[in-house]
Structure formats: C-alpha cells, structure tokens
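The values are calculated or read from the model by the stated rules, or taken from the named source; none is laboratory data. Since we're looking at a predicted model, the values are computed, not measured. Positions of Cβ are backbone-derived with ideal geometry, glycine not excepted, and every protein chain shown enters the neighbour counts.
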Amino acid sequence: MQNHLKNEIYNVLSGKSQIRFGTVIQTIASYLNDGEKTSTTIEVEKHFKKEETKRLEDYISKEKFWVTIDSSQYVSEGAEQKVYLKDTENVLKLNDAIYYNSWKDYFYNLLLHNYFFPDTAYELIGFTKNNAILYAVVQQSYVSIITTTDLSQVKNFLTLNGFENVRNNDYYNPELGIILEDLHDENVLTKNDILYFIDTVFYITDAFWEN
C-alpha cells in the first residue's frame, strides 16, 4: 500500500499525474529541476538558491507571471508568509520559501499539500517582489474557525495515515520518507468537526527517492 502511495506521489512531483491546481506548480518545479544542486553544504546551498532565484525570476518575466498585491488587504504574517484577503471566500499567501533550501523544495511542498489536502489546495497565481525579496503568491480557500482544534485529533488522523509524531507538532512517515511539520492549532483548523490543514510544511528526505 505504501509503495503504491509513494509511486503516486512520485508521479505527482514529476508531473506525470495531475492533482488539483497542480499543473502550473509542476511546470515550474520541472523547470527548476534542470539546475538541481549536487552538494548539501550550507554555503553551496545558499549560492544555489541565489542562482535558482535568478533563474526563477527570468522564467516569471518571460511568462508574464508577476502579480500586484493590494496592500490594503493585509491581514497578518508569520516567519514564513504574509496573508492578504482576496475576497469573501479566498485569501492570498505570500511565501519567500525561507523554510526551504531551494525553491524547488517549496514547490514540492505545495504539491504534497495539494495531494494530501485537496480541500485546502494552494493555487499558484503568480509572484511578486518586496524589498528585493521574491515571493510566490498562492490563493487558498478561506476557512472560518468554528471550534478550537484538538491536537490529539490531528495526531490520531495523521497516525492512521502513517505519520508518526516525532516531537511537539512535527510528524514523519518512515515508509514514505516524508516529514510534515508545524501542525499547531493555527495551521490546522476545525469546522463542523472536520480538520482543515491550511498551512503545512512538507519536506522530502533522501529515503523517499530510494527504491
């Protein structure tokens, strides 16, 4: 079962299988894959991401994928992203991929989120820059909070799906080789007794690519 699931996910990441709002993300991830790094030292990773960002900006300009954000609709921000209202049903989230060693890893995170949680799927609608920092702009359905999320329910749900709680609100699926972090009660909301994962941080380990 897990091998079948891993194959499905691999096909999503490689663009062979479609998921909700996946096509644009898959196209850009494939484009960036051509410049994949071969070293994991910190200095090389920093240099690689800088070069990768330049390549990404060239792609954005070529494809006319720049968007303008209405600053008056600003809602909040955290370490990773800024949140803006778009309309009564959607929010915009600006992410600079600070949690990731590469932009490609960030796009893989979006694809994993959309695969596992299609009801809150991210739609990549473009990019913007602020103070010389590049941000991906994703649209997501707005979820109103009805009740406070019980984190034990989050743990039970993820455990049933093969994810082990490794510490606090961080999880790991050893059979898939996928890490899922930061699942506190502001990133997983509850509405009508249903869990909505609105902000996830996925990482793919080397174990995923084996076999």
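Can you tell me how many residues in segment 182-211 are under 16 Å from Tyr100 (Cβ atoms) and among the polar types (S, T, N, Q)? Break it down stepwise before answering.
Taking segment 182-211 and keeping what is under 16 Å from Tyr100 (Cβ atoms), we get 182, 199-206, 208.
Filter again for among the polar types (S, T, N, Q), leaving 200, 205.
Of the residues in that region, 2 qualify.
Checking the condition touching a helix residue (DSSP H, G or I) at 6+ places or on another chain (Cβ under 9 Å) and either more than 20 Å from Glu89 (Cβ to Cβ) or modelled with pLDDT of 95 or more (or both), which residue from Val154, Val166, Val138 passes?
On the way: Val154 fails: touching a helix residue (DSSP H, G or I) at 6+ places or on another chain (Cβ under 9 Å); Val166 fails: touching a helix residue (DSSP H, G or I) at 6+ places or on another chain (Cβ under 9 Å).
Within the list Val154, Val166, Val138, the selection yields Val138.
Out of segment 149-174, which residues are touching a residue at least 24 places away in the same chain (Cβ under 8 Å), surrounded by 15 or more Cβ atoms within 10 Å (Cβ to Cβ) and either part of a loop (DSSP other than H, G, I, E, B) or in the same structural domain as Leu110 (by TED's automatic domain parsing) (or both)?
Thr149, Gly162
Filter segment 98-143 for residues that are crowded, with 20+ Cβ neighbours inside 10 Å, among the small types (Gly, Ala, Ser) and within 18 Å of Glu63 (Cβ to Cβ) and give the result.
Within segment 98-143, Ala136 is the sole residue that qualifies.
Would you confirm whether or not segment 131-147 contains a residue that is more than 22 Å from Leu158 (Cα to Cα), without any contact (Cβ under 8 Å) to a residue 24 or more places away in the chain and either of a type outside the set (A, V, I, L, M, F, W, C) or in contact with a strand residue (DSSP E or B) (Cβ under 8 Å, 6 or more places away or on another chain) (or both)?
Yes, segment 131-147 contains a residue that is more than 22 Å from Leu158 (Cα to Cα), without any contact (Cβ under 8 Å) to a residue 24 or more places away in the chain and either of a type outside the set (A, V, I, L, M, F, W, C) or in contact with a strand residue (DSSP E or B) (Cβ under 8 Å, 6 or more places away or on another chain) (or both).
Name every residue in segment 94-143 that is among the charged types (D, E, K, R) and under 19 Å from Glu51 (Cβ atoms), in order of residue number.
We begin by selecting, within segment 94-143, every residue among the charged types (D, E, K, R); these are 96, 104-105, 119, 123, 129.
Selection gives Asp96, Lys104, Asp105, Lys129.
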